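Note sheet for the following structure.
The values are calculated or read from the model by the stated rules, or taken from the named source; none is laboratory data. Fair warning: this is a prediction, and the values are worked out from it, not measured in the lab. Quick reminder, even Gly has a Cβ in these numbers, built from the backbone with ideal geometry, and neighbours come from all protein chains shown. Note: accessible area is taken over every heavy atom of the protein model, side chains too, but ligands, DNA and RNA are not part of it. Shrake-Rupley method; radii C 1.70, N 1.55, O 1.52, S 1.80 Å.
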Amino acid sequence: MIVICGSESPLKMSDMLRIVFTLGLLSGFCFAVCGGVTTSNVSTRHCPITLKPPAQKIGVKPVLSKEETALLMLVGFGGFSIILALVHNSIRKYVFHDEHNLDTTFDAGGNVSMSLTAVTVASQLFWPGDILHSATLSTKNGIAGPFWYAVGIMFNIFVFPILSVQFKTKAPGAKTYLQIIRARFGKRTHTVFCFFAILTNLVITIGVLLAGKATIQSLTKDASDEFVVLIMAALFGSYSLIGGLGTTFYVSYFNACLVFILFIVFVVKILHNTDAEFGSTKKMFESITCLTGPDDNANNSFLTFRSWGAFMFGIIEIFVSSAVTYCDQASWQSRIAAKPVQGVWGFILAGFIWFSIPNVMATTTGMAYLALSSENGSHFLDSFQIDEGLVTPLIAEKILGSAGGILILTMGAMALMSTGSGEVMGLSSVIVYDIFQTYIRPFRNNLLPHHCVLCGKTRKGLEQTSTANNSHTQRSELCACVDATNCRICAEDVAKAKETSQYYLKQPYSCVTHGRYRQYMDYLFDFKNWCIVWVTVSMVPLGLIVFHSGINLNWIFYSGATVTIPCFPPVVLSIIWVKATGTGLIAGNISGLIGGITATLIAANLYPGGLGHFLENTAQDYTILAGNVTGFVISLTVCIIGSLLTHKIQGPADVEFEWMKMYDIDNPLQPWELLYREDLKGMEYEERPSFAQMNTAFKKAKLTAYIAGSASIFIFAILIPGIMAAHPDMNLQRFEMWLDFTQSWAVIMAIIVVFLPPTEEIIRIVKQCRKNRTPGLEKNGVARDGKTCVTLVKSASAPEAHEMVVKDGGDYVSSNTDVLPVAV
């Protein structure tokens, strides 16, 4: 992480990433040089074989009983996750002292390390579909299939750091992207995007449930739909309820470790085991080169990167992953839980980690399936079974027997846990922050932008940004609430609350300024628990309805993207463009939705059977591409034109006033400035830094996001495929070098995944323990001696900073009854 004036250097964190970059480039260079030495294939290609459909339906044999699956997933994975949740709670309680903070539940303290961010992002993107569907692409499109699948998703991983830095520096106190939309554009726009946020969450949750059903039922004897959905609901909700988002990071780490270890074992057993059916990669290569590949592959070869079908699918994945990344609160929640610097490097590392999973796993299982089918003279699975993703379970069973089935089930369960729990926390945060706290039981009704939630008056400093339309010049109307972190009475209230574990024994908060709001946050904290429970329970009927509807994973994932992609441009513009307006964003979103659905139906009608084969034809490649591209382009165009026609930005004062709406999103009991004090050492400001100071502090993070993200996209989307496509198809030497390259990459990433996160986390905990033992430093945001731990001096460089002075008693009455305190 980066800290100004004497703090830790970012070089230690980035050196490892630079090493990985170098290894990738060197491997690619060696590949290009050495691959050109031999120009003829080992196989003479005199034996082209066109695989026939299977003579009889083989399928995958279940290897576990229902009792064994329940024991493995609930007691094994679920029990271990609950233990991790308890460990996380203990760390937050005894080290960071914020275990009962509502915000901590949904942002894990806002200071997650780089490596934990990386493994969590990679782990949440590692669906069972990556184990299953990427192997399907390898079987259909050849070796280029999983590569372009990975590139399509990695594109968004490398672009997201740019937006996350903008989010964290412009709205450092926001917990959901919907809070930004509410602050800038008001209730109408906020309501529209709440609907699309919930819709996106629903699409992804359904996808997770369907992927889990395919994995569990293919490997478990007599597993009913009810059994599957109950297992998944219990698995997702249990540790989310106990530990919140922070536990998700810890569980994601262990998930990633286990997944890497297991799939490396899997690869070794298939490609480096002389007792296997192939014997060597040479035999596998010769078997595959005898097959007739897809017509849109160069030389009809499965071993070529010149595959139009694979490339087209990569383009589709860019749009689809955009739809389910930028519009999904679960994605934002996990990705903005780190500070800007750690978040940027975490994303870059996450892309490197994720690259190895579909490439190595799918290439291994897909190529193994093609080689076995070549020896057999026909497919082992019919086209429907291949589309269901049964290639990987079949190969695991054939190579490893019953142990292979257990291995796949374990990897699938690990992938399900990270993504499923993330969706539970994402939807819960939308309900708590953007629905319940905003519309159902707000602390203060009709709170205007730039107004203090405690007293309802305008914050000081905003009179300097006043315009004819935004006048806040009356001194009597300015907020004078004392800073909660500087309040001695609040410190006493917090200490008393910590000493009382039973709710009914808690004493009323005595602080007249913050007491009622503190009680309100306690109420929201309790409501959060019920919210997580009900979101988890709602998965059961949702899953049963979806299972009985006949909807498959591909359809809900890709057709769902057509519905959610129009939300992508408005969300991005609301963060980065000051002239964006609510009218423009709503118009763009709705018009993009209508245009995308229309294009999808028109394209689907052009396929044989038309809309009569609705589920099949609406999930075809060109149908998906038409719907997503049309929805995106129309939404972006209308958003820009509509905003340009309706915005009221006339000068720098209006720009300042508009951005301050985002800057003001804050929790007065735990201001976001506390989180960034270490990064802002040496800077002088009032209660919080100015925009200019935040931009200065995190300028390197923004540059890193642009440079590292662009370089990563160049390497994976242009350099590597350019090298690989230099020859029409692979010879034996290039095939072996590609396997060696991807496997070496996976081993390096596995080492990073296993060792770096615990190292960084231990360092962070030790550092906090030392702070706790140092007299005068803050504890839970309140100085032990009742004074601020940093001297904040008013500076001419921060004229717009908000100055707060001590306020007298005011009109608040502290209470601790069961009646929710609400300000009028």
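A compact table of results
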quantity	calculated
Per residue convex hull volume, Cα atoms of segment 560-613, in Å³	69
Rg and Dmax [Cα atoms of segment 726-768; Å; Rg one decimal, Dmax integer]	18.1, 56
P(r) tail fraction, segment 351-392 - alpha-carbon pairs more than 15 Å apart, %	49
Trypsin sites (Lys or Arg not before Pro) lying in DSSP loop within segment 244-341, provided at most 12 other Cβ fall within 10 Å	none
Geometric extent, Cα atoms of segment 367-438 - Rg, Dmax (angstrom)	19.5, 63
Point-charge dipole on Cβ atoms (K/R +1, D/E -1) for segment 313-466, about Cα centre, debye to 20	1180
Solvent-accessible area per residue, Å², over segment 65-181 with all protein chains present [probe radius 1.4 Å]	24
Distance cut-off 17 Å, percentage of C-alpha pairs in segment 316-431 lying past it	70
In segment 273-333, the GluC sites (Glu not before Pro) that fall in loop regions by DSSP, at most 16 other Cβ within 10 Å	277
Equivalent ellipsoid semi-axes - Cα gyration tensor, segment 203-294, angstrom	36, 19, 13
Per residue, in Å², the accessible surface of segment 256-346 once ligands and nucleic acids are set aside, probe 1.4 Å	29
Å² per residue, accessible surface of segment 576-627 at 1.4 Å	45
Accessible-area composition of segment 149-255, carbon plus sulfur, in percent [1.4 Å probe]	66
Given charges at beta-carbon only (K, R positive; D, E negative), |dipole| of segment 258-350 in Debye	360
Segment 306-399 - percent of accessible surface contributed by carbon and sulfur, probe 1.4 Å	59
Sorted largest first, extent of segment 500-634 alpha carbons per principal axis (Å)	72, 45, 17
